[in-house]
Structure formats: structure tokens, C-alpha cells
Amino acid sequence: MDSQQKQKWKHKIHEVIYEADTPSGKLFDILLLIFIILSIILVMLESIVSIDREYHQLLYICEWVVTVLFSIEYILRIISVKKPLKYVTSFFGIIDLLSTIPMYLSFVLVGSQALVTLRALRLLRVFRILKLARYLGASNHLKASLVASRVKILVFLFAVVITSVIFGTIMYLVEGEANGFDNIPKSVYWCIVTLTTVGFGDIAPQTALGQLITSFIMILGYGIIAVPTGIVSAEYVRAGKKSDEENEALIAHHNNQQQNVTKEDIIVHLNSQHCSNCHVSNHRDNAEYCYNCGNELHP
């Protein structure tokens, strides 16, 4: 196989695995989603003792079939990109690896002393559920919202920690060891549980002053819950508006060129191409080169 044929072969694999605007790409995505969900169900069923005892061999065989298929997918993803190391060290590359290796570790960790460790490592297969994220277009907006609001959220969490330490210390002084508040760390733990409205009930104030402070903390907790929700929601709406503005600008650009383009067409165009060199997406369908690195999209 000469170099040109090899490049065409790699490009075809890349088109099937990474693109979703072709029949073969759509079929691959659908099958992959089915196997991801199936593998998660297998992990859950194996954790049920009665089911695992009766169908252990069948579950074991099914898990190996799924593992081999994911291994083939992982290898094809590596060989179909121009910079394999960049994919391997990327978020989804690490997730793909973590979701594949646990079964193979069973050949390395042998012996009764390793059985407990092996069982824990095999639970890493549940990371396959994170492979679903690459198929959720709205997750890009959520990611952008969390990144944009990270400073505000960190400041908010810092304020919550300070509040918990202060009120935990106060409750330690008010209630004392006699009522279960043995030390300040345990009192801070109680304050966090109360502030987040979880309320395990393992520690409860007994004095009137302690109950008054507790009432204030619980009411404060409801207000605190609304803060991060509002921050992320505001950033999410802002990201959506920014995306709409970009779409409208693209529509205006196409209309100036006397092309009949709708907003739905633009949205599809912005989610169709995947660069084999730098792995960024959101290219327009008619784009010939990657907007990030300049790599030719259709060699």
C-alpha cells in the first residue's frame, strides 16, 4: 500500500469515526452509543450478587466482546489522526483508555490477594458513560458556562467554607461535647450538612440557642443553593446568545453572497467537521481548511 492510498484509508476511517454528517458516520455513532449503554448495564448487573452468581459466565463473555470492540475503536481513533499523542492525552482519549483497560488488567493482577483491587479497577468501566458527552451538542454550552463562571463559583464556595467554619465553631461553643459536638471539625461537618439542607440527623442541637442558630443556618442554606444555580444559568444564557449572534452573522454573510441559508443550516454547519490534526470541531461544511490550525479538512 503506497503513501497516497494509506492517507485515503486513514481519511476514510477518520470520516467514519469522527464525522456525523455521513451515513457511515451516523451508523457508527449509533452503534457506539448502543454499546456504551450496554456496557454500563453490564457493569450494573455484575454488581448485583444474585444476577452475577447465576449469569456470571454470560456477563463475562459479553463484557469481553464489548471491551474488544472498544479496543478496536480506540486503536482506529489513534491511527486515523495526524497527532496520535494529542488524542491520547486529551480528555476523551484518557476516558477511552480508562474505559477499556480494566478487563486487560485481569491478566496482570492475578492471585487471590489482587481480587479486591481488581474488582475496584474493573469499576473504571463506568467511565464509558463519559464517552456519551461527545455526542451532546448542548454540553459545549454547559462547559463554556462553567468555565466562564469558575471564578464566581470559587468565590462563592470560599464564602460557604468560611461560613461553615464560623457557625461550626459557634455551635461547638454553644452545644459542646454533651450534645454530640465533640470537636470543631465535627461541628463544621454538621454545619455543612445543615447548610446544604441534607440533614443526616446524626448530630442535632439540644439547647434553645443552638436550635435558633440552626434555624438560621437552614434558611440561609436555601438562599445559598440558589446562588450557583443563578451564576451558571446566567452564563449559560449568555453563551446561548453569543452562539445565536454568531449564527446570525453567518446567515447575513451567506445572504450577502446570495445564498439561501437558514439558521438550522448554519447550526448543522457549525457542528459537522472534525480536524484530524488538532481535533477541534465546529467547522462549516463547506470549509476546506481548519479554522484553528489551517489543516486541510478534505485531503
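The values are calculated or read from the model by the stated rules, or taken from the named source; none is laboratory data. As the structure is a computational prediction, the values presented were derived from the model and not from experiment. When we count neighbours, we look across all protein chains shown, and the Cβ atoms used for this are built from the backbone with ideal geometry, even at glycine.
From the list 178, 208, the one residue that fits, being at pLDDT 90 or above and out of contact with any helix residue (DSSP H, G or I) (no Cβ under 7 Å at 6 or more places or on another chain), is 208.
Scan segment 17-34 for residues that are modelled with pLDDT of 80 or more and buried (at least 18 other Cβ atoms within 10 Å of the Cβ) and the total you get is 3.
With respect to the stated conditions, residue 78 is free of Cβ contacts under 8 Å to residues at least 24 places away in the same chain and in the same structural domain as residue 100 (by TED's automatic domain parsing).
Here's the yes/no breakdown for (1) buried (at least 16 other Cβ atoms within 10 Å of the Cβ); (2) part of a loop (DSSP other than H, G, I, E, B); (3) touching a Ser or Thr at 6+ places or on another chain (Cβ under 8 Å):
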{"position": "143", "(1), (2), (3)": "no, no, no"}
{"position": "159", "(1), (2), (3)": "no, no, no"}
{"position": "163", "(1), (2), (3)": "yes, no, no"}
{"position": "166", "(1), (2), (3)": "no, no, no"}
{"position": "170", "(1), (2), (3)": "yes, no, no"}
{"position": "181", "(1), (2), (3)": "yes, yes, yes"}
{"position": "198", "(1), (2), (3)": "no, yes, no"}
{"position": "205", "(1), (2), (3)": "yes, yes, yes"}
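Listed by position, the helices (runs of 4 or more DSSP H) enclosed by segment 1-85 that each have at least 1 residues that are farther than 30 Å from residue 295 by Cβ are 23-46, 49-79. Take residue 95 and tell me if it is touching a Pro at 6+ places or on another chain (Cβ under 9 Å) and either assigned to a loop (DSSP other than H, G, I, E, B) or at pLDDT 55 or above (or both). So residue 95 fails the test.
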